[in-house]
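Structure below; questions to follow.
What follows is calculated from the coordinates using simple rules that are stated; it is not laboratory data. In this text, all values refer to a predicted model and were calculated from it rather than measured experimentally. When we count neighbours, we look across all protein chains shown, and the Cβ atoms used for this are built from the backbone with ideal geometry, even at glycine.
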């Protein structure tokens, strides 16, 4: 039964000491398990694509990670590069500082900039809103901005800036977001029961570095 979770999982390897050999091993094993995706640092996207291209497992990478405070031009250029290198999906951290400063126009503009690049190239965009740093009202506002721009996914967390996904947070996001926008729960999901609770709450994708353990592989 645990194997049925594989299509929900983005197996993640984003630690600072990530190496080429670790990425290759991760991609091979994740593809064999038929996981939804492999989320790795941008530096490795080109080589990882060679492994994942013949498989159904998507190549996912990050932009503006993990703090989100690079400017729009930097995020756009980074997005162009990872698309060129073969990324299927981009997980972008929104500008948390701009959002907390209520500069919502800037947040909307950066999302639109990266989303346009992704959709022009038939790629998906997940916007990371870092729920652990936001109040419930702020989570609602961030989701409303993402809904207005019609992103593909809203993602809870990087896992680098505090606690990750919560069941309550997923339920709130699901209430606010239209059904056309999916949710990726990420951060602190390390076992089968927690993953299932996130899915039951409304998550469509699970981001975790513990995918193999969750699936007993």
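Taking only DSSP H segments of four or more residues, each worth -39500 (n - 2.57), what value at 222 nm results for the chain once the sum is divided by all its residues, to the nearest 500 deg cm²/dmol?
-13000 deg cm²/dmol
While we're here: Going by how many other Cβ atoms sit within 10 Å of their own, how do 113, 21 line up, fewest first?
The fewest-first ordering by Cβ neighbours comes to 21, 113.
7 Å from Cα along Cα→Cβ at both residue 80 and residue 46: what's the point-to-point distance in nm?
Output for this residue pair reads 1.6 nm.
Same structure again: Once you compute Rg and the Kirkwood Rh from C-alpha atoms, what is the Rg to Rh ratio for region 18-134?
1.00
Simple spin-label model, 7 Å along Cα-to-Cβ: residue 22 to residue 191 in nm?
Label-label distance for residue 22 and residue 191, simple model: 2.5 nm.
Continuing with this model, one more query. Roughly how large, in nm² to one decimal, is the mean projection of the convex hull of the alpha-carbon atoms in region 2-214?
Mean projected area for region 2-214: 10.3 nm², to one decimal.
Stretched out fully, how many nm does the piece from residue 120 to residue 34 gain, at 0.36 nm a residue minus the Cα gap?
Additional length available on full extension: 28.3 nm.
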